[in-house]
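These notes are about the structure you will find just below.
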Amino acid sequence: MSTHDPYTHSQVVIIGAGFAGLACAKGLGKSGITVTVVDRRNHNLFQPLLYQVATAALSPADIAEPVRRTLGRYDNIRVLLGEVVGIDSTGHRVLLKDGTSLPYDDLVIATGSEYNYFGNDGWKPFAPGLKTIHEARLIRHRLLSAFERAERATDPAIRKRLLTFAIIGGGPTGVEMAGAISELARQMIHHDFKAINKNEVDVLLIEAGPRILAAFPEKLAAYAHAYLTDIGVRVLTGRSVTKIDADSLSLGDERIETICIVWGAGVRASPAARWLGVEGGQQGRIPVEPDLSLPGHPDIAVIGDTALATDEDGKPLPALAQVAKQQGEYVADRLRHKLTGRTHTAPFRFHNRGNTAVIGRNAAIFDFGSWTLKGRMAWFLWALVHVYLLVNFEKRLLVSIQWITRYFTRQRSARLIDENHGRDDDTSDPPDKPFENPPAAGR
Ligand SMILES: Cc1cc2nc3c(=O)[nH]c(=O)nc-3n(C[C@H](O)[C@H](O)[C@H](O)COP(=O)(O)OP(=O)(O)OC[C@H]3O[C@@H](n4cnc5c(N)ncnc54)[C@H](O)[C@@H]3O)c2cc1C
């Protein structure tokens, strides 16, 4: 500790203002403890609704909020924009990319996770994951551009390539994307595209395991599988992607031509284990003590997707927003106790509020452990929970209004093609015939 008056002068540094970091910072708000939150982005992002940005249902600003704004009301918290590249745990300093460093007495690491391409990082430009606003806009651009180009193309092979959409990974993100793309395609074709037949659209959900939604009970996964099939998604299980390039992917010997591929096949923790020189566990996550501290370092806590914490039975906790949020609140409480000289001995306990995934309009699944819910009721509950979890009242109101409007009109308001993305990321062919000569309409 750097001073004799820990309550007023102790420096807590929180790296990452996602679900975990923000919950921890808010928990330390108005505590009198000096807190610095450092993040490489200036905004907090509600990742569970990113797929709605990628499929033109919401705009980026609906689900993102400047961290400075969220934490601005706490006088004891300062927010810094900066990328962390290392930690000097002996010297108690956080090392930033610009060469500067931040001193800490207590450190909270909440840097989340990133998509794992399992050694094939070269696939990333062709198959972006869904983790940032940039990626969501890139996917939206590719999706909407493909329809625009197909409307003008007459060569059947080009039309097929443009109207094939592949989502890799049958977890909640893959399922949500596949359902949303299929519904978007049907709705757009019905209303706005006169030269595309809905039967030409091929949405593929590719999963290497024996079934989709492996983390959910089998009956919920079966319901999701049947629902997706019903709305025109081809669910391919037990199939591994072996190659991806600018205009195709391969499943062993089978080559599928497509310019719109989304990666949702797996995540790995941020590289914080490397910063600390410790051995990462499952998915590179850092094993932590029951109080979420780094073993041998009571002054360092690791929370959220980066932490490998276990439940009472020793089972790893899932990388979920609700786990991250509860861990952030717990560590804030622990630090408040520590820095005011009181003891805090209770270990972290996760309270499961239900694991959910949305599959389509009026269809979602909920797993509460001892009971489950599916269909329209689950969809309403999913919508309520997600609105409630949005960062503030303004976002809740904005998103609610848009969802209610969309529910009744079926219109998606954010169908904008971003010109900037078109320059360096556009890999599709130009139309094979002049614009003045569109193919005949057919539906
Ligand atoms: C598409 C998608 C859908 C999801 N849907 C759900 C869902 O429905 N329900 C659910 O419970 N969970 C869902 N999740 C998982 C959930 O979003 C994560 O579990 C949660 O975000 C983890 O919180 P976190 O604070 O650990 O990380 P994050 O929320 O990812 O925050 C990490 C923060 O650290 C910052 N950071 C990272 N590296 C650095 C660095 N080097 N320097 C400075 N800052 C850094 C990042 O900019 C970010 O702000 C979803 C995830 C995705 C990607």
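The values are calculated or read from the model by the stated rules, or taken from the named source; none is laboratory data. Remember, predicted model here, so these are calculated numbers, not experimental data. Positions of Cβ are backbone-derived with ideal geometry, glycine not excepted, and every protein chain shown enters the neighbour counts. Only protein heavy atoms, including side chains, enter the accessible area calculation; ligands, DNA and RNA are left aside. Shrake-Rupley method; radii C 1.70, N 1.55, O 1.52, S 1.80 Å.
Quick one: is Lys131 surrounded by fewer than 17 Cβ atoms within 10 Å (Cβ to Cβ), within 16 Å of the ligand (Cβ to nearest atom) and either modelled with pLDDT under 95 or within 19 Å of Ala272 (Cβ to Cβ) (or both)? First the steps, then the outcome.
Numbers: surrounded by fewer than 17 Cβ atoms within 10 Å (Cβ to Cβ): no; within 16 Å of the ligand (Cβ to nearest atom): yes; either modelled with pLDDT under 95 or within 19 Å of Ala272 (Cβ to Cβ) (or both): yes.
Judged against the criteria, Lys131 is not a match.
Exactly one residue out of Ala57, Ala61 is closer than 30 Å to Ala146 by Cα and without any contact (Cβ under 8 Å) to a residue 24 or more places away in the chain, and it is Ala61. Cβ-Cβ distances below 6 Å connect the following pairs, each with a first residue in region 175-200 that is under 17 Å from Arg142 (Cβ atoms), a second residue that is of a type in the set (Gly, Ala, Ser) and open to solvent by less than 10 Å² (accessible area, probe 1.4 Å), and a separation of six or more residues or different chains: Ile196/Ala150.
Quick one: would you say Lys26 is open to solvent by 50 Å² or more (accessible area, probe 1.4 Å), within 15 Å of the ligand (Cβ to nearest atom) and farther than 30 Å from His141 by Cβ?
On the way: open to solvent by 50 Å² or more (accessible area, probe 1.4 Å): yes; within 15 Å of the ligand (Cβ to nearest atom): yes; farther than 30 Å from His141 by Cβ: yes.
Considered against the rule, which asks whether it is open to solvent by 50 Å² or more (accessible area, probe 1.4 Å), within 15 Å of the ligand (Cβ to nearest atom) and farther than 30 Å from His141 by Cβ, Lys26 comes out as yes.
Residues in region 5-16 include at least one that is over 26 Å from Gln326 (Cβ atoms), open to solvent by 20 Å² or more (accessible area, probe 1.4 Å), touching a residue at least 12 places away in the same chain (Cβ under 8 Å) and hydroxyl-bearing (Ser, Thr, Tyr).
If you check Thr55 against the conditions, is it among the hydroxyl-bearing types (Ser, Thr, Tyr) and in contact with a Ser or Thr (Cβ under 7 Å, 6 or more places away or on another chain)?
Working: among the hydroxyl-bearing types (Ser, Thr, Tyr): yes; in contact with a Ser or Thr (Cβ under 7 Å, 6 or more places away or on another chain): no.
For Thr55, the condition - among the hydroxyl-bearing types (Ser, Thr, Tyr) and in contact with a Ser or Thr (Cβ under 7 Å, 6 or more places away or on another chain) - is not met.
Just so you know, in region 95-151 the residues that are among the polar types (S, T, N, Q) and free of Cβ contacts under 8 Å to residues at least 40 places away in the same chain include one that is nearest to Gly284 (Cα to Cα), and it is Ser101.
Can you name the residue in region 29-46 that is near the ligand (Cβ under 7 Å from one of its atoms) and surrounded by fewer than 20 Cβ atoms within 10 Å (Cβ to Cβ) and is also nearest to Gln187 (Cα to Cα) among such residues? I'd like the intermediate steps shown before the answer.
Going through region 29-46, the residues near the ligand (Cβ under 7 Å from one of its atoms) turn out to be 38-41, 44-45.
Those still in the list that are surrounded by fewer than 20 Cβ atoms within 10 Å (Cβ to Cβ) too: 40-41.
Numbers: Arg40: 37, Arg41: 34 Å.
Ranking the candidates gives Arg41 first.
Would you confirm whether any residue within region 119-133 is more than 17 Å from the chain's Cα centre (by Cα) and under 21 Å from Ala20 (Cβ atoms)?
We begin by selecting, within region 119-133, every residue more than 17 Å from the chain's Cα centre (by Cα); these are 119-123, 125-126.
Next, only the ones that are under 21 Å from Ala20 (Cβ atoms) stay: none.
Taking every residue of region 119-133 in turn, none turns out to be more than 17 Å from the chain's Cα centre (by Cα) and under 21 Å from Ala20 (Cβ atoms).
Scanning region 185-203 for residues that are buried (at least 23 other Cβ atoms within 10 Å of the Cβ) and either not assigned by TED's automatic domain parsing to the domain that holds Ala363 or not β-branched (Val, Ile, Thr) (or both) returns a single hit, Ala185.
Within region 344-399, being of a type in the set (Lys, Arg), touching a residue at least 40 places away in the same chain (Cβ under 8 Å) and either open to solvent by less than 80 Å² (accessible area, probe 1.4 Å) or part of a helix (DSSP H, G or I) (or both) holds for Arg361, Lys395. Whether any residue in region 333-351 is within 16 Å of the ligand (Cβ to nearest atom) and over 24 Å from Ser270 (Cβ atoms) is what I want to check. The answer is yes, given that some residue of region 333-351 is within 16 Å of the ligand (Cβ to nearest atom) and over 24 Å from Ser270 (Cβ atoms).
What are the residues in region 59-89 that are modelled with pLDDT under 95, in contact with a Ser or Thr (Cβ under 8 Å, 6 or more places away or on another chain) and not hydroxyl-bearing (Ser, Thr, Tyr), if any? Once the filter is applied, which keeps residues that are modelled with pLDDT under 95, in contact with a Ser or Thr (Cβ under 8 Å, 6 or more places away or on another chain) and not hydroxyl-bearing (Ser, Thr, Tyr), region 59-89 yields nothing.
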